[in-house]
1. Collect the residues in the stretch 215-245 that are among the polar types (S, T, N, Q) and not in a helix (DSSP H, G or I), keeping them in residue-number order.
2. Given the conditions (1) open to solvent by 70 Å² or more (accessible area, probe 1.4 Å); (2) within 21 Å of residue 208 (Cα to Cα), and given that residue 247 satisfies all but one, which numbered condition is not satisfied?
3. Residue 101 versus (1) modelled with pLDDT under 95; (2) part of a helix (DSSP H, G or I); (3) under 22 Å from residue 53 (Cα atoms): which is the lone unmet condition?
4. Between a residue in the stretch 46-75 that is over 16 Å from residue 168 (Cβ atoms) and open to solvent by 20 Å² or more (accessible area, probe 1.4 Å) and any residue that is part of a loop (DSSP other than H, G, I, E, B) and β-branched (Val, Ile, Thr), which pairs come within a Cβ distance under 9 Å, given they are 6 or more apart or on different chains?
5. Return yes or no: is residue 188 modelled with pLDDT of 95 or more and buried (at least 20 other Cβ atoms within 10 Å of the Cβ)?
6. Is there a residue in the stretch 254-277 that is open to solvent by 40 Å² or more (accessible area, probe 1.4 Å), out of contact with any helix residue (DSSP H, G or I) (no Cβ under 8 Å at 6 or more places or on another chain), basic (Lys, Arg) and not in a helix (DSSP H, G or I)?
7. Looking only at the stretch 43-67, count how many residues are under 16 Å from residue 160 (Cα atoms) and of a type outside the set (D, E, K, R).
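The values are calculated or read from the model by the stated rules, or taken from the named source; none is laboratory data. All values reported here derive from a predicted model rather than from experimental measurement. Glycine gets a Cβ as well: all are built from the backbone with ideal geometry, and neighbour counts include every protein chain shown. Protein only, heavy atoms only, side chains kept; ligands, DNA and RNA dropped before computing areas. Shrake-Rupley method; radii C 1.70, N 1.55, O 1.52, S 1.80 Å.
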Amino acid sequence: RAVVEAVHRLDLILGNKAAYQEVFKPENISLRNKLRELCVKLMFLHPVDYGRKAEELLWRKVYYEVIQLIKTNKKASIYGSGTRKSLAVRWHIHSRSTLECAYRTHLVAGIGFYQHLLLYIQSHYQLELQCCIDWTHVTDPLIGCKKPVSASEKEMEWAQMACHRCLVYLGDLARYQNELAGVDTELLAERFYYQALSVAPQIGMPFNQLGTLAGSKYYNVEATYCYLRCIQSEVSFEGAYGNLKRLYDKAAKMYHQLKKCETRKLSPSKKRGKDIKRLLVSFMYLQSLLQPKSR
């Protein structure tokens, strides 16, 4: 009941037109902290019945929806001169403002929380994940024999998958950090996603996130590979189909644009770059033609 009440109050705040100015007020941060504590308590009291639901509420209401609110309140401006123009995305919040500092703190706090939760789940259920991840709960060998875990098979299954989801959330938070000026956490995000795959290789979701992280590298070839791996996983992620279609549409557009370009004399280094672009774009376009049209 307390969880539902807290969620309702947070929804009212987010529904406000000036929500991005309200979310980091002390009373609202306190409300999110309260919801986080309640969700964690619910996870460990009733892991099988409410564990997954509590995890989802915690991620969405305490972290993700705040992040999306800030991200959607940004504005784009085009600057440049003559025929050369570039698109710059400017945050609605100004650099070094109180709001920007609060947003950065929100992301850092999220990473700290999920690292702690990841360790606590491993400790509580005595999970042995040393072969999968490098952020493990290390037991003291001087303590001697461990106490047997009094948890059912379903509870242990939830704990293992909760660790997997913690790593995905950590990867997402590091990816959002990477979008901010002066922060380079791309490799950290990548590491968390690959470790999530080590814990549960049958779940394709981390591949989708890796595709998003890759962006337009190598004319979208890397992202396409990740989305295909996600779709081919035992448990695929529905969103990967749309992401892949978007890249194939972009590849077709680029391919037809390349064909229209006039062939002119270029220096060897520029010609090599052009040839590489043509090869990768043509490869992507061929991939799109070979894909089944079932979706």
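1. Step one: list which residues in the stretch 215-245 are among the polar types (S, T, N, Q), which gives 216, 220, 224, 232-233, 236, 243.
Scanning the stretch 215-245 gives 216, 233, 236.
2. All conditions are met except number (1).
3. Only one criterion is unmet by residue 101, namely (3).
4. The qualifying pairs are 65/23; 69/23; 73/93; 74/93.
5. no
6. Yes: one or more hits.
7. Selection size over the stretch 43-67: 8.
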